[in-house]
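The next block holds one structure in the form of structure tokens; read it before the comments.
The values are calculated or read from the model by the stated rules, or taken from the named source; none is laboratory data. These figures come from a predicted structure and were not determined experimentally. All Cβ positions, glycine included, derive from the backbone under ideal geometry; neighbour counts span all protein chains shown. These accessible areas exclude ligands, DNA and RNA; they are computed on the full protein's heavy atoms, side chains included. Shrake-Rupley method; radii C 1.70, N 1.55, O 1.52, S 1.80 Å.
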Amino acid sequence: MKSLLFQLILASFVLSNFDNNVNAGHTSVFVRKEWPSEDIPLDHEVFAVPTGHNAPQQVHITQGDYDGKAVIISWVTPDEPGSSKVQYGTLKGRYEFTAEGKMTNYTFYKYNSGYIHHVLVDGLEYDTKFYYKIGTGDSAREFWFQTPPKIGPDVPYKFGIIGDLGQTYNSLSTLEHYMQSGAQTVLFVGDLSYADRYQYNDVGIRWDSWGRFVEKSTAYHPWIWSAGNHEIEYMPYMDEVVPFKSYLQRYPTPHLSCKSSSPMWYAIRRASAHIIVLSSYSPFVKYTPQYEWLSEELKKVDREKTPWLIVLMHMPIYNSNEAHFMEGESMRAVFEEWFVHHKVDVIFAGHVHAYERSYRISNIRYNVSSGERYPVPDKSAPVYITVGDGGNQEGLAGRFLDPQPEYSAFREASYGHSTLEIQNRTHAFYHWNRNDDGKRVATDSFVLHNQYWSSNLRRRKLKKHHLSSVLKRIASY
């Protein structure tokens with residue numbers, strides 16, 4: 001009885017507290033003892049090659065359709081093509097089903113990739129643990145994944161958010177801390193391997209090492225990919241001028257299921273969230289494919305089924321760090337009005353190697369001839385969060401603008417990762433966790449209130465329904 005009364009009081013408080021109170025922002029004075037921002041040597045155990053001839057390696061999965069009933073399983077065989085089949089089932093060691101995909105490979109300068117396999121496994125049941133096996137004979141390897149719950153407005157789900165990871169000791173700390181968080185899926189905001197920091201054949205070698213580095217997570221949890229500037233790899237001195245060549249060969253996305261013309265931008269629905277992935281480094285102005293696609297995708301969002309609207313991009317729109325300051329302005333000018341109109345809940349970005357969270361603000365009233373020149377509080381606007389702090393070899397971006405802009409709520413130059421734990425259609429718990437000399441330290445947190453369900457009319461309707469259901473449960477005791 002006491003538990004139910006507490007739920008009643010808590011629900012009333014949460015549902016009534018949707019104000020966008022903008023207070024003075026905070027710049028953390030924490031200065032971490034930085035681990036070396038150098039890539040881990042290739043002979044380190046985190047890059048170990050699996051035993052067995054031609055054993056599958058660099059295994060990773062991502063969502064394979066629009067609604068979460070499919071996965072794309074990818075891996076590399078280093079010596080020969082081998083099989084592109086996945087055996088899978090709901091019991092460990094007993095594989096009732098088989099799916100077959102395709103194999104590809106590519107060259108980069110004089111580097112020849114291994115044989116890259118991509119297999120779509122579809123028609124899966126929601127909220128089910130599947131075991132899968134790839135490879136043959138003594139070199140076969142076994143893993144598992146969990147499908148998401150059926151789409152619904154009050155389905156709880158926990159996402160991890162990582163960006164600009166790389167393959168340093170700081171990267172390893174971030175990865176291990178995420179794996180301890182209890183999150184179920186990673187929203188990755190670009191800049192994967194930082195292989196473009198190398199030259200010639202070492203570029204491909206460092207893509208391979210990164211794939212083995214993250215496999216202990218990516219083989220089990222879906223990572224929702226977006227590309228950053230370090231995936232472009234425009235290197236004319238090596239006669240490599242095709243943008244995103246390595247990334248597109250290795251990391252597929254379910255873009256066709258949402259009628260996107262490119263794997264660089266796409267959307268998925270997962271649990272109670274509608275997630276839109278944008279490409280900061282593909283054309284996005286009016287009349288371009290990405291612009292036209294986003295216009296249509298936003299119309300398809302159904303907040304009655306998926307109340308949480310989340311956008312991923314690499315380049316932050318709002319950023320008060322000296323690093324990459326104003327680089328996101330062109331995308332802001334094109335899309336910010338849409339984000340406000342459609343009441344996007346939160347936008348995650350990377351690129352800046354620090355952490356920052358904004359208040360709900362917008363700058364849509366300004367144009368080149370009139371209007372307010374500065375961002376202002378806006379209850380319909382998203383919260384903007386920069387998490388480009390995964391741990392890469394370029395180090396931290398430690399110089400913030402002074403004074404702190406009014407739109408900036410919290411900022412700190414440290415490595416770390418975030419989690420977004422959706423509770424129901426009205427609120428979610430957000431945490432940013434600092435890597436404090438190898439320890440995970442919860443540093444910034446808040447309750448994120450849903451934009452769609454925060455309107456007075458919907459709130460009263462939901463509140464009435466919720467109070468009625470709770471009172472019925474109390475009466476039954």
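When both residues are 6+ apart or on different chains and their Cβ atoms are under 6 Å apart, which pairs have a first residue that lies in the stretch 244-269 and is under 26 Å from ASP208 (Cβ atoms), and a second that is open to solvent by less than 20 Å² (accessible area, probe 1.4 Å) and of a type in the set (S, T, N, Q)?
Between residues of the stretch 244-269 that are under 26 Å from ASP208 (Cβ atoms) and residues that are open to solvent by less than 20 Å² (accessible area, probe 1.4 Å) and of a type in the set (S, T, N, Q), the close pairs are PRO254/GLN63; PRO263/THR253; MET264/SER279; MET264/SER282; TYR266/THR253; TYR266/SER260.
So is ALA271 at pLDDT 95 or above, within 14 Å of the chain's Cα centre (by Cα) and among the small types (Gly, Ala, Ser) or not?
no
Yes/no matrix, rows are residues, columns are (1) crowded, with 20+ Cβ neighbours inside 10 Å; (2) among the acidic types (Asp, Glu):
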residue: SER262; (1), (2): no, no
residue: VAL277; (1), (2): yes, no
residue: SER282; (1), (2): no, no
residue: GLU292; (1), (2): no, yes
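State whether one or more residues within the stretch 337-347 are out of contact with any Ser or Thr (no Cβ under 9 Å at 6 or more places or on another chain), part of a helix (DSSP H, G or I) and open to solvent by less than 30 Å² (accessible area, probe 1.4 Å).
The answer is no, given that none of the residues of the stretch 337-347 is out of contact with any Ser or Thr (no Cβ under 9 Å at 6 or more places or on another chain), part of a helix (DSSP H, G or I) and open to solvent by less than 30 Å² (accessible area, probe 1.4 Å).
List the number of the failed condition for TYR366; all other conditions in (1) part of a loop (DSSP other than H, G, I, E, B); (2) in contact with a strand residue (DSSP E or B) (Cβ under 7 Å, 6 or more places away or on another chain); (3) over 24 Å from GLY390 (Cα atoms) hold.
(2)
A quick yes/no check of all residues on (1) at pLDDT below 95; (2) crowded, with 22+ Cβ neighbours inside 10 Å; (3) assigned to a loop (DSSP other than H, G, I, E, B):
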site	(1), (2), (3)
SER370	yes, no, yes
TYR374	yes, no, yes
THR386	no, yes, no
LEU396	yes, yes, yes
ASP402	yes, no, yes
PHE410	no, no, no
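Looking at ILE268, ILE317, which one is under 19 Å from ALA227 (Cβ atoms), open to solvent by 10 Å² or more (accessible area, probe 1.4 Å) and touching a strand residue (DSSP E or B) at 6+ places or on another chain (Cβ under 7 Å)?
Selected residue: ILE317, the only one of ILE268, ILE317 that is under 19 Å from ALA227 (Cβ atoms), open to solvent by 10 Å² or more (accessible area, probe 1.4 Å) and touching a strand residue (DSSP E or B) at 6+ places or on another chain (Cβ under 7 Å).
Go through the stretch 254-287 and count every residue that is charged (D, E, K, R) and part of a loop (DSSP other than H, G, I, E, B).
Number of matching residues: 2.
For SER358, all conditions in the list (1) crowded, with 17+ Cβ neighbours inside 10 Å; (2) touching a residue at least 60 places away in the same chain (Cβ under 8 Å) hold save one; what is the number of the exception?
With respect to (1) crowded, with 17+ Cβ neighbours inside 10 Å; (2) touching a residue at least 60 places away in the same chain (Cβ under 8 Å), SER358 is out only on (2).
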